[in-house]
Amino acid sequence: MISAKTLHGIAVTAFVGLVVLMLSWLLWLYPPADALMPIALITLLGPLALTARGVLYGRRYTVAWSAIFVLIYFIHGVTYAAVPGPERWLGIVEIVLAVVYFTAALMYLRQAGSARPGSRERTGP
């Protein structure tokens, strides 16, 4: 079984990778039109910025919410991976990072929840 600390490290690595990917995508690799840049930065980096501190410190509540927010990036990546063009590989990388973060975050939440003192495994329906 993988420890909660290791799972948190994997989740943080994927989270930071997603931040770096989105920043480089929007600012250098394939930036949107100048009129759309503020909207793209707010919508694609806003959820990451709002949850960054809690994810880095391993706060369970924030990690849980960020795992839900990361589905936005999964959908965004699928959209770009489905169409032909030079941005296809960025969409594939985004999908991989989103899936890795989502899986590691959920596994971390499960491990960290069962490791807390006084926590009990649910046995009933």
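Computed quantities for the displayed model
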quantity: Residue in region 75-92 that is nearest to the chain's Cα centre (by Cα), counting only those that are closer than 15 Å to GLY17 by Cα and surrounded by 17 or more Cβ atoms within 10 Å (Cβ to Cβ); calculated: GLY77
quantity: Condition met for PHE15 (in contact with a Ser or Thr (Cβ under 7 Å, 6 or more places away or on another chain) and closer than 27 Å to TYR108 by Cβ); calculated: no
quantity: Qualifying residue in region 56-72 (condition: part of a loop (DSSP other than H, G, I, E, B) and in contact with a helix residue (DSSP H, G or I) (Cβ under 7 Å, 6 or more places away or on another chain)); calculated: yes
quantity: Test set (1) surrounded by 15 or more Cβ atoms within 10 Å (Cβ to Cβ); (2) under 30 Å from GLY113 (Cβ atoms); (3) aromatic (Phe, Trp, Tyr) - TYR61 fails condition number; calculated: (1)
quantity: The one condition in (1) modelled with pLDDT of 95 or more; (2) part of a loop (DSSP other than H, G, I, E, B) that PRO86 fails to fulfil; calculated: (1)
quantity: Residue identified as out of contact with any Cys (no Cβ under 8 Å at 6 or more places or on another chain) and either among the basic types (Lys, Arg) or closer than 30 Å to LYS5 by Cα (or both) among GLY54, GLY85; calculated: GLY54
quantity: Residue within region 2-10 that is loosely packed, with under 14 Cβ neighbours inside 10 Å and in contact with a Ser or Thr (Cβ under 9 Å, 6 or more places away or on another chain) present; calculated: no
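The values are calculated or read from the model by the stated rules, or taken from the named source; none is laboratory data. Please read these numbers as outputs of a predicted model, since none were measured by experiment. Note: ideal-geometry Cβ built from the backbone for every residue, glycine included; neighbour counts use all protein chains shown.
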